[in-house]
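The block underneath contains the structure these notes are about, expressed in structure tokens.
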Amino acid sequence: MNSLPWMLVALGLVLLLAAWAVWHRGQRMRRCLAELLALPADMHPLRWPERAWPILERSGIAGIAWEGLWFGDAVRGQWGQPLAAHWPRQTLSAGPDCQIELRWADVARTDEARVLALAVLDVFAQTWLSRMRERTQAVAVALAQRAQVQLYWQHDMRNLAQWVGLLAEEFGAATPEQIPRLAQRLQRQAPLLQARAHKLLAATEAPTQVPAEDEPPVQALDLLHNAAELAGLAIAIDMGPDEGSGLPPLVLESAQALALERALDNIFSNLARDSGARLGGVPLRCECTVHEGALQARLHTPRLATPWPRRAFEPLKSPTGSGMGLYQARRSLRDAGGDLQACEEAQGVVFVLRVPLASSKCAVAQASRNLTVADPDASAQ
């Protein structure tokens, strides 16, 4: 009976020591997890095991080994004890190009220690998998962006090829008396075509080049006139009520100008192939207004010989052409902060193009530059 109190005291001490050991092991695991999560997030995924191994070793992992494919290359590595056949395994898959099989061993003597060590290993594996997926997703995004840019190039080259086809058709059907008039028009169009060709070549040679900040802005009305001129169409532009009076010239920055040019090329090249628009003898009418820092152009076409399709902006819907022209034109404007809409009315189709104008500071600078070029003596007067 006298030994019972001592037995209870001894049991209490054992439980206290056990609780302290578990608490101490838990604190060590918490520090290991914090160190794992504090490792640099921008390191290459294949360097992750090397940087994480000292932390895994302190947590009770005796060894790790991995083997797999990384974008077609065979990769493997090992830290700690040599690989054994009985080691458990886990497959980390970040898509068809990145798959790694991870194996490990622990040195824990108790189930509690093993659970805590495996908790750290699980955080290591899931963090590694997350970094692998971030890299593969970044590659997928880059490929999608490049594919979109290549679609834009294809769109621009198609518009240029359509112009060549129309020009060849006109020259082929022209009488000897009509050839001088066509030659004069070609001479007027030559600078515009040369600029388009140089721009397209520059884009294909440097696809990731960012436009320079000091690149001069472009006159929006010039783009309208030039696109119509290249398509051989007449256009009458109406600036509407006094909404734009007193404002600087309607200028666009390079990205917005390229988007508007691409949309106009698509619209006008399609109109040039339509006999109703090309042979009607009525100029296209374009109403331009400025609202909330953006140019809105309503382009009215004559009655078209070809029926206007339903859901014209839906990609891959047109039975002729690539089926992507109007979709890409609208997507290009939307990427630049604008939009493109169209609807059929009794008189024809109405296209509504919206594109943000350059900042007022940029527009004033462009206006001053135009004044200097137009009148060299203006500053002296």
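The values are calculated or read from the model by the stated rules, or taken from the named source; none is laboratory data. Because the structure is predicted, anything quoted here is derived from the model rather than measured. No Cβ is skipped: glycine too gets one built from the backbone with ideal geometry, and neighbour counts run over all protein chains shown. Ligands, DNA and RNA are excluded from the accessible area calculation, which covers all protein heavy atoms including side chains. Shrake-Rupley method; radii C 1.70, N 1.55, O 1.52, S 1.80 Å.
Can you say whether ARG76 is open to solvent by 80 Å² or more (accessible area, probe 1.4 Å) and not in a strand (DSSP E or B), as far as the supplied structure shows?
Considered against the rule, which asks whether it is open to solvent by 80 Å² or more (accessible area, probe 1.4 Å) and not in a strand (DSSP E or B), ARG76 comes out as no.
Residue check: is THR136 β-branched (Val, Ile, Thr), modelled with pLDDT of 85 or more and in a helix (DSSP H, G or I)?
yes
Residue pairs, Cβ under 7 Å, 6 or more apart or interchain, first in region 296-311 and assigned to a loop (DSSP other than H, G, I, E, B), second open to solvent by 80 Å² or more (accessible area, probe 1.4 Å). List them.
Close Cβ pairs (under 7 Å, with a partner that is open to solvent by 80 Å² or more (accessible area, probe 1.4 Å)) amount to PRO302/VAL282; ARG303/GLN347; TRP308/GLU344.
Here is a yes/no grid of residues against (1) modelled with pLDDT of 90 or more; (2) more than 26 Å from GLN27 (Cα to Cα); (3) in contact with a strand residue (DSSP E or B) (Cβ under 6 Å, 6 or more places away or on another chain):
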| residue | (1), (2), (3) |
| --- | --- |
| THR91 | yes, yes, yes |
| ASP97 | no, yes, no |
| ILE100 | yes, yes, yes |
| VAL107 | no, no, yes |
| THR110 | no, no, no |
| ALA142 | no, yes, no |
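Would you point out the residue of region 79-93, among those that are small (Gly, Ala, Ser) and more than 16 Å from LEU121 (Cα to Cα), that is least open to solvent (accessible area, probe 1.4 Å)?
Among those residues, the one meeting the criterion is ALA84.
Give me the residue from region 319-358 that is hydroxyl-bearing (Ser, Thr, Tyr) and at pLDDT 70 or above and, out of that set, surrounded by the most Cβ atoms within 10 Å (Cβ to Cβ).
Per the criteria, the residue is SER332.
Being without any contact (Cβ under 8 Å) to a residue 60 or more places away in the chain, closer than 19 Å to GLU50 by Cα and in contact with a helix residue (DSSP H, G or I) (Cβ under 7 Å, 6 or more places away or on another chain) is the filter here; which residues of region 71-128 pass it?
Once the filter is applied, which keeps residues that are without any contact (Cβ under 8 Å) to a residue 60 or more places away in the chain, closer than 19 Å to GLU50 by Cα and in contact with a helix residue (DSSP H, G or I) (Cβ under 7 Å, 6 or more places away or on another chain), region 71-128 yields VAL75, GLY77, TRP79, GLY80, GLN90, LEU92, CYS98, LEU102, TRP104, ASP106.
Within region 154-178, how many residues turn out to be among the acidic types (Asp, Glu), under 41 Å from the mean Cα position of the chain (by Cα) and open to solvent by 80 Å² or more (accessible area, probe 1.4 Å)?
1
If you take the residues in region 44-73 that are in a helix (DSSP H, G or I) and under 13 Å from LEU92 (Cβ atoms), which one is most open to solvent (accessible area, probe 1.4 Å)?
Going through the qualifying residues, I end up with LEU46.
Which count do you get for residues in region 8-37 that are closer than 24 Å to LEU121 by Cβ, over 31 Å from the mean Cα position of the chain (by Cα) and either modelled with pLDDT of 75 or more or open to solvent by 90 Å² or more (accessible area, probe 1.4 Å) (or both)?
9
Taking the stated definitions as given, is PRO315 more than 18 Å from ASP265 (Cα to Cα) and either at pLDDT below 85 or buried (at least 18 other Cβ atoms within 10 Å of the Cβ) (or both)?
So PRO315 does not fit the description; no.
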